[in-house]
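Every read-out reported here was derived from the displayed coordinates using simple, explicitly stated rules and does not represent laboratory data. What you are looking at is a predicted structure, and each value in this text was computed from that prediction instead of being measured. Counting neighbours? That spans all protein chains shown, and the Cβs are built from the backbone with ideal geometry, glycine included.
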Amino acid sequence: MARFQVATNEQVYNRDTRQSTDRTEYHRIVAWGPQAEFCEKFLEAGRQVLVEGRLRWRSWEDRDGNRRNSTEVEAVNIVPLGKKIPPQAEAQIEAGTTEEYPEISEPAAEGFPEENAAADEDEEVPF
């Protein structure tokens, strides 16, 4: 079992003050089996990841008898993002033992033709 937190950032614009502020929320992630082993080997603090899973709500009593509730994401799929390779993987690549290391690739942008078209054109955008 692997248990970790993922932070998500969101910019919130206040129309009255005409300023935007950042809001950060932390989400508890739980992974089991091969997903947990993957997390242990290849994830590190600060690494960007895509997590797909199910929301799970649980309730328990603490030592003082108080009722506690928690919402977690039970990970089904975890994909590392970005080009950063963890130190363990670099050592495996240098040693030539990469059979355990999953290939890290950028997410395909094929499903977003508007973004690809805008990046390819040198048009000026009127503001």
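Here are some notes:
- Sorted ascending by nearby beta carbons within 10 Å, beginning with the fewest, R54, R28 become R54, R28.
- One chain, two ends: Y26 and E52. Fully extended at 0.36 nm per residue, the span grows by 7.8 nm beyond their Cα-Cα distance.
- Residues L43, L55, L81, sorted so that the one with the fewest Cβ neighbours within 10 Å comes first: L55, L81, L43
- If you plug the beta carbon distance of E74 and N9 into 1/(1 + (r/R0)^6) with R0 = 22 Å, you get a FRET efficiency near 0.45.
- Sequence of V30, V12 once ranked by neighbouring C-beta atoms within 10 Å, starting from the fewest: V12, V30
- Charge tally for R28 (other residues, Cβ to Cβ under 9 Å; Lys, Arg +1; Asp, Glu -1): 0.
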